[in-house]
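The values are calculated or read from the model by the stated rules, or taken from the named source; none is laboratory data. Since we're looking at a predicted model, the values are computed, not measured. Backbone-built Cβ (ideal geometry, glycine too); neighbour counts: all protein chains shown.
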Amino acid sequence: MKVLVTGATGFVGNYVVWELLKHNFNVIASGVESSKEVHTSWLRKVDYVSADLNKGRGDWFSFFGEPNILIHLAWEGLPNYEELFHLERNLPKNHAFLKNMVEKGLRKVVVTGTCFEYGMQSGPLTEDLTAKPNNSYALAKDCLRKSLEQLQKKIDYELTWIRVFYMYGKGQSQNSILSQVDAALERGDKVFNMSGGEQLRDYLPVEKVAEYIVKISMQDKSSGIINCCSGEPISIRKLVEDYLAEINRSIELNLGFYPYPDYEPMAFWGNNNKLKKILSD
């Protein structure tokens, strides 16, 4: 079975490729970089195809060697969630690419969405809730999902939409809370400034996220929207404290230095019953 992974050189993509190789899938990995610019040990184990998905092509399906499954992770401009280019550029270009793939013969599409599609709704969040995105990135993702569902009315293909929640791991964004902790430790800071830390969030290690993405992609009993989450809320404070204990480091947490953000709910985690059923089959 041939599996195409777009955004393969990104944070999540790198782990997804490794997870697929672990299960001996024939992987076609794609990124915007040339093969000489890709520094990962999986490069020689896959068919790497450099491609800018923003550029139009008559037949993307043939270009990528007619894969059986597409795991579409590619998306530009993160973590700038509020920028309008998500709607003005990313949305139409991603829709055009996916529509072309389906029109030319692809029959199974897996796309990563975002928990931010739920907006300000508080957890536990189930897949049947109405999406209420409140930033440009989430709105663009929600519009892409709806456009792909409309396409299903014209072309018979399978669509799975994985709403990914929070994650952490090697290679994560420097803006993430644990990356900021690492930076403070590296500088030798005595104090780490943060919010009160009582926000409840849903975190998974990126290795587990990749494992779930692959398991969801390879099963055929459930499609549509699927939460990729732990189902277990954890406070930001505990997340940081557990991380410091794990790496055997210490730093004083200056709780309450930053106000709680007004663009996120205080309690925000996913219901993973649908995921658990997939994992148990």
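Points worth noting:
- Verdict on Leu178 being crowded, with 16+ Cβ neighbours inside 10 Å, over 23 Å from the mean Cα position of the chain (by Cα) and not in a strand (DSSP E or B): no
- Residue in the range 89-96 that is exposed (fewer than 15 other Cβ atoms within 10 Å of the Cβ), out of contact with any Asp or Glu (no Cβ under 9 Å at 6 or more places or on another chain) and not aliphatic (A, V, I, L, M) present: no
- Of the numbered criteria (1) surrounded by fewer than 18 Cβ atoms within 10 Å (Cβ to Cβ); (2) outside any loop (DSSP other than H, G, I, E, B); (3) small (Gly, Ala, Ser), the one Ser217 fails is (1).
- Matching residues in the range 223-251 - criterion: being under 23 Å from the mean Cα position of the chain (by Cα), touching a residue at least 60 places away in the same chain (Cβ under 8 Å) and surrounded by fewer than 15 Cβ atoms within 10 Å (Cβ to Cβ): Gly224
- Checklist (1) hydroxyl-bearing (Ser, Thr, Tyr); (2) over 18 Å from the mean Cα position of the chain (by Cα); (3) surrounded by fewer than 16 Cβ atoms within 10 Å (Cβ to Cβ) applied to Tyr157, failing item: (3)
- Candidate set from the range 111-135 (those that are buried (at least 21 other Cβ atoms within 10 Å of the Cβ) and touching a Leu at 6+ places or on another chain (Cβ under 6 Å)); member that is nearest to Ile225 (Cα to Cα): Thr112
- Residue in the range 9-39 that is surrounded by the fewest Cβ atoms within 10 Å (Cβ to Cβ), counting only those that are farther than 22 Å from Phe97 by Cα and aliphatic (A, V, I, L, M): Leu21
- The residues of the range 220-255 that are in a strand (DSSP E or B) and more than 20 Å from Tyr166 (Cβ to Cβ), listed by number, are Gly224, Glu252, Asn254.
- Taking the criterion of being among the β-branched types (Val, Ile, Thr) and either over 15 Å from Leu70 (Cβ atoms) or modelled with pLDDT under 95 (or both), the residues of the range 13-40 that qualify are Val32, Val38, Thr40.
- Identification of strands (runs of 3 or more DSSP E) wholly contained in the range 36-143 with 3 or more residues that are among the β-branched types (Val, Ile, Thr) and closer than 26 Å to Leu204 by Cα yields 108-114.
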